[in-house]
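Please read the structure below before turning to the comments.
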Amino acid sequence: MWTAGIAWDGAGYQIACLHADGRAVPASRFRANDITGMVAHLHAVCGTGVTCVVDSTNGLLDGPLRDAGLRVLRADPWELPARPAGGSVPAHLLARRGAAAEGRLAETDTRSGSLKGRDLDDMYRTSATIAEALAREGRCLKRGPAHLRQVALTFDDGPGGADTGRILDVLRDYGVPATFFCVGLHAQAEPATVARIADEGHAIGNHTWSHPFLPDLTRDEVLFQLDATARAIADVTGQQPTLVRPPYGAQTPDSMAWVADHGLTTVLWGQDTNDWSQPGAEAIRANALTGIGNGSVVLMHDAGGDRSQTVAALPGVIEALLADGYSLVTVDQMLTGGA
Ligand code: NI
């Protein structure tokens with residue numbers, strides 16, 4: 001029985017493997033877009049029965065690893081030693097902790113993803129007051145102006161290689177813009193895709209470096225996540241993003257204040273397509289369009305797992321919106337009330 005700890009830092013991922021009989025394979029390093037290489041390494045070292053362990057500062061790998069047929073457990077901070085601001089707990093410690101504490105770790109699944117076992121309702125309640133105050137200042141957007149017939153399509157977690165390319169092809173075919181909330185690990189690994197997003201007139205926002213559960217993070221860690229991602233994007237586009245989407249929409253009053261004090265605007269959504277859970281293209285289309293109205297922000301994903309259903313659903317979503325007289329705008333355009 002093998003356990004693989006998967007760590008992240010400012011350059012990519014490391015995988016260390018530990019067998020129940022005490023054999024240990026030291027960490028190997030991978031670029032963040034090399035899921036194929038990571039899965040091949042896990043199979044070569046561990047065979048097919050490996051259990052992967054990530055910590056709650058990494059929300060990018062559970063989907064692709066589950067798509068590859070692997071179990072993925074999430075280790076929470078109270079199970080782990082302290083970590084640096086710019087990285088997770090080291091891979092060999094994640095493997096060791098995972099092997100020792102497996103029964104206490106949350107197993108991610110396609111129904112709740114890396115949020116398995118968490119309840120966000122309390123968080124939304126305690127953050128509602130500051131969210132409303134920031135919204136009045138134009139520093140937090142969940143919905144655009146009600147008097148403008150506009151909708152903003154948004155894509156999170158990329159750039160995601162070929163899937164992002166297919167989504168960009170569809171947007172280009174219809175001549176409509178979107179907003180891509182990129183994660184730093186992927187932006188650093190795929191600068192050419194970041195460049196294409198910007199060159200084709202889409203907006204780029206900040207979706208943190210490693211897709212952490214922000215309520216687990218200190219102020220220094222939150223600022224690392226934002227600044228490192230902004231640098232990776234600005235290295236390509238020359239512009240630091242001013243829009244931030246917190247992973248899972250999970251925030252605390254503290255983390256919202258840290259983001260706002262950093263001069264950034266938080267962007268949430270009203271139309272959740274749930275596409276990350278791969279419910280089928282027709283369900284994604286229905287989730288996007290049911291109850292949509294002026295100022296709606298639609299949440300989709302261009303990475304974090306197989307996005308072929310999102311690609312298949314997108315033309316139908318765009319055609320329905322255009323037929324209904326909506327202008328598709330970027331979130332920046334929605335915030336300024338223009339198109
Ligand atoms: Ni995300």
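Structure values in brief
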read-out: Segment 27-54: number of residues that are touching a strand residue (DSSP E or B) at 6+ places or on another chain (Cβ under 6 Å), outside any loop (DSSP other than H, G, I, E, B) and either touching a residue at least 40 places away in the same chain (Cβ under 8 Å) or of a type in the set (Ser, Thr, Tyr) (or both); value: 8
read-out: Subset of segment 140-160 that is surrounded by 24 or more Cβ atoms within 10 Å (Cβ to Cβ) and not in a loop (DSSP other than H, G, I, E, B) - its residue that is farthest from the ligand (Cβ to nearest atom); value: 151
read-out: Residues satisfying the stated conditions in segment 281-317, i.e. polar (S, T, N, Q) and under 17 Å from residue 164 (Cβ atoms); value: 308, 309, 310
read-out: In segment 227-251, the residues that are closer than 24 Å to residue 190 by Cα, in a helix (DSSP H, G or I) and within 15 Å of the ligand (Cβ to nearest atom); value: 229, 247, 248
read-out: Segment 252-306, subset among the charged types (D, E, K, R) and either at pLDDT below 95 or out of contact with any strand residue (DSSP E or B) (no Cβ under 6 Å at 6 or more places or on another chain) (or both), residue nearest to the ligand (Cβ to nearest atom); value: 306
read-out: Exclusive hit being in a helix (DSSP H, G or I) and more than 16 Å from the ligand (Cβ to nearest atom), set 163, 122; value: 122
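Quick grid of which residues meet (1) surrounded by fewer than 21 Cβ atoms within 10 Å (Cβ to Cβ); (2) within 22 Å of residue 310 (Cβ to Cβ); (3) touching a Pro at 6+ places or on another chain (Cβ under 7 Å):
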residue	(1), (2), (3)
216	yes, no, yes
219	yes, no, no
225	no, no, yes
231	yes, no, no
240	yes, no, no
260	yes, no, no
263	yes, no, no
267	no, yes, no
278	yes, yes, no
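The values are calculated or read from the model by the stated rules, or taken from the named source; none is laboratory data. What you see is a predicted model; the values in this text were computed from it and never measured. Reconstructed Cβ throughout: ideal geometry from the backbone, glycine too, with neighbour counts over all protein chains shown.
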